[in-house]
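Worksheet: the structure to be examined is printed underneath.
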Amino acid sequence: MNGPHDMGGMHAFGAINPEPEETEPLFHEPWERKALALTLACGALGQWSIDEARSVRESLDPALYTSSSYYRKWIEALTRQMVEKGLLTSEELETATVRQMPEPGSYRVLNAEAVDKVYSAGGPTSMDIDNAPLFQVGDLILARNMNPIGHTRIPRYVRGHVGEIVLWHGGHVFADDSARGVRRGEHLYTVQFMARDLWGPEAAAHDSVMVDLWEPYLEAP
Amino acid sequence: MAHDHHGDEMTEPPSEMALRVQALESLLVEKGLVDLKALDVIIDRYENRVGPRNGAHVVARAWTDPDYLERLRTDATAAIAELDYTGRQGEHMVVVENGPKVHHLVVCTLCSCYPWPVLGLPPAWYKSSPYRSRAVIDPRGVLAEFGTVLDDDVEVKVWDSTSEVRFLVLPERPEGTEGWTMEQLIPLVSRNSMIGVEKARPATEATA
């Protein structure tokens, strides 16, 4: 979707003003620790993919999205997801009181002993797919002009532009389908776009942007 | 709405969020969906055990071991796994090498994708709207904000992390460090140099 999250190339957000690496705290508020841990622990319940989680975050109201800290976005989205999946109710959230226990066996709970094993293993998204890749390294491609309503990982700023394939990663879980609960693979490529093609003649001649794009985003130029 | 351009992290009324998160946690624990002890282990893992020192180890090893560098170029995920840095948000790694004529910079314009096993959790500015919006359209302006000014003939390559592939920048080895051991080099490898917004610390800043 053409949501507020698709920020590449936008103006008006101002300076970065990074805190110095040596002194920046990892968490700026104590609750951010819990926001991280709750988001990860609830993700481990197995009720949604990372793409579904991203899809919910980018569907937040644009004003809320752009004015919230990253951990607040996570909490807003997590709360909605838990309600959508029936693991929490709005009433429980309003009253801070448990009204009904979840159906046993419909989820798995991450216990303390499993944490390191689970996160050291991660969740690879590479997968074998039957069809051969349509493109190879060195090919020029056109990033499709597409504007899907649902989740997608093709940023607006590359749509309709020609780039060159510089890496091929094989089959990877296709984010657009995964966000709808369908886990299937498509060939994934890294595509190099020259800065002048994206941004015009004022961009530096040699500069470029590399973007990972799945095959359904691409066509022959 | 308040927006102070110091990164989004500073704009929140903490008390309201603190109460909401506490209430959410209590409900989830009472419902048996979340194990309180697991939350503590997750926090400890990413606060104390998984951070940019891991990435600095990878970089310093690559600077001192040409065979390792070659393995990193061929299959970064496997080479990094040799050092036991694996898992969530680092399942598929690519290493990009900075040099005298090329400078790589990593961003995630769509969210906050970042190579956790080697760099830990991202800093607030990496997740901020200013960085995400500007890194692709004005990389040289962004770099200048970090004090990194590049000659015009240096090629700037920005990597937008739009898939589950994660990128680690291998910064240039600082001058004057010939013969240094891996242990001596590690403190020169800043987190920011592995995102690509800065160069590695100069030899004169070695703390050893």
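Could you please find all residues in segment A:1-35 being hydrophobic (A, V, I, L, M, F, W, C) and more than 7 Å from every other protein chain (Cβ to nearest Cβ)? Within segment A:1-35, A:Met1, A:Ala12, A:Phe27 qualify. Counting only residues that are buried (at least 17 other Cβ atoms within 10 Å of the Cβ), touching a helix residue (DSSP H, G or I) at 6+ places or on another chain (Cβ under 6 Å) and closer than 30 Å to A:His206 by Cα, segment A:136-156 holds 4 of them.
Every listed requirement among (1) buried (at least 16 other Cβ atoms within 10 Å of the Cβ); (2) within 12 Å of another protein chain (Cβ to nearest Cβ); (3) in a strand (DSSP E or B) is met by A:Ile165 save one, (2).
Among the residues of segment A:117-135, is any in a loop (DSSP other than H, G, I, E, B), surrounded by fewer than 16 Cβ atoms within 10 Å (Cβ to Cβ), touching a helix residue (DSSP H, G or I) at 6+ places or on another chain (Cβ under 8 Å) and within 7 Å of chain B (Cβ to nearest Cβ)? The answer is yes, given that some residue of segment A:117-135 is in a loop (DSSP other than H, G, I, E, B), surrounded by fewer than 16 Cβ atoms within 10 Å (Cβ to Cβ), touching a helix residue (DSSP H, G or I) at 6+ places or on another chain (Cβ under 8 Å) and within 7 Å of chain B (Cβ to nearest Cβ). Among the numbered conditions (1) at the interface with chain B (Cβ under 7 Å from one of its Cβ atoms); (2) outside any helix (DSSP H, G or I); (3) farther than 30 Å from A:Leu188 by Cα, the only one that A:Gly86 does not meet is (1). The residue that is farthest from A:Leu213 (Cα to Cα), counting only those in segment B:75-90 that are open to solvent by 30 Å² or more (accessible area, probe 1.4 Å) and either touching a residue at least 40 places away in the same chain (Cβ under 8 Å) or hydroxyl-bearing (Ser, Thr, Tyr) (or both), is B:Tyr85. Please work out if B:Ser128 is in the same structural domain as B:Ser112 (by TED's automatic domain parsing), buried (at least 18 other Cβ atoms within 10 Å of the Cβ) and touching a Pro at 6+ places or on another chain (Cβ under 6 Å). It is false that B:Ser128 is in the same structural domain as B:Ser112 (by TED's automatic domain parsing), buried (at least 18 other Cβ atoms within 10 Å of the Cβ) and touching a Pro at 6+ places or on another chain (Cβ under 6 Å). For segment B:31-44, the tally of residues that are within 30 Å of B:Gly196 (Cβ to Cβ), within 7 Å of chain A (Cβ to nearest Cβ) and surrounded by fewer than 21 Cβ atoms within 10 Å (Cβ to Cβ) stands at 1.
Only residues that are free of Cβ contacts under 8 Å to residues at least 12 places away in the same chain and either within 12 Å of another protein chain (Cβ to nearest Cβ) or touching a His at 6+ places or on another chain (Cβ under 9 Å) (or both) were counted in segment B:46-74, giving 3. The residues of segment B:96-138 that are assigned to a helix (DSSP H, G or I), in contact with a helix residue (DSSP H, G or I) (Cβ under 8 Å, 6 or more places away or on another chain) and not charged (D, E, K, R), listed by number, are B:Trp116, B:Pro117, B:Val118, B:Leu119, B:Ala124, B:Trp125, B:Tyr126, B:Ser129, B:Tyr131.
Picking from A:Thr97, A:Thr23, which residue would you name as being closer than 20 Å to B:Asp35 by Cα and not assigned by TED's automatic domain parsing to the domain that holds A:Asn145?
A:Thr97
Determine whether segment A:182-192 contains at least one residue that is open to solvent by less than 30 Å² (accessible area, probe 1.4 Å), part of a loop (DSSP other than H, G, I, E, B) and either more than 19 Å from A:Arg156 (Cβ to Cβ) or within 12 Å of chain B (Cβ to nearest Cβ) (or both). No, because not a single residue in segment A:182-192 is open to solvent by less than 30 Å² (accessible area, probe 1.4 Å), part of a loop (DSSP other than H, G, I, E, B) and either more than 19 Å from A:Arg156 (Cβ to Cβ) or within 12 Å of chain B (Cβ to nearest Cβ) (or both). Please specify each residue of segment A:49-74 satisfying the condition of being more than 7 Å from chain B (Cβ to nearest Cβ) and part of a loop (DSSP other than H, G, I, E, B). Listed by number, the residues that qualify are A:Ser49, A:Ser59, A:Leu60, A:Asp61.
Taken over segment A:94-116, the residue count meeting the criterion of being part of a loop (DSSP other than H, G, I, E, B) and either on the phi < 0 side of the Ramachandran plot or among the hydrophobic types (A, V, I, L, M, F, W, C) (or both) is 15.
The values are calculated or read from the model by the stated rules, or taken from the named source; none is laboratory data. Keep in mind that this is a model prediction, so the values were computed, not measured. Neighbour counts are summed over all protein chains in view; Cβ atoms, including those assigned to glycine, are modelled from backbone coordinates with ideal geometry. Ligands, DNA and RNA are excluded from the accessible area calculation, which covers all protein heavy atoms including side chains. Shrake-Rupley method; radii C 1.70, N 1.55, O 1.52, S 1.80 Å.
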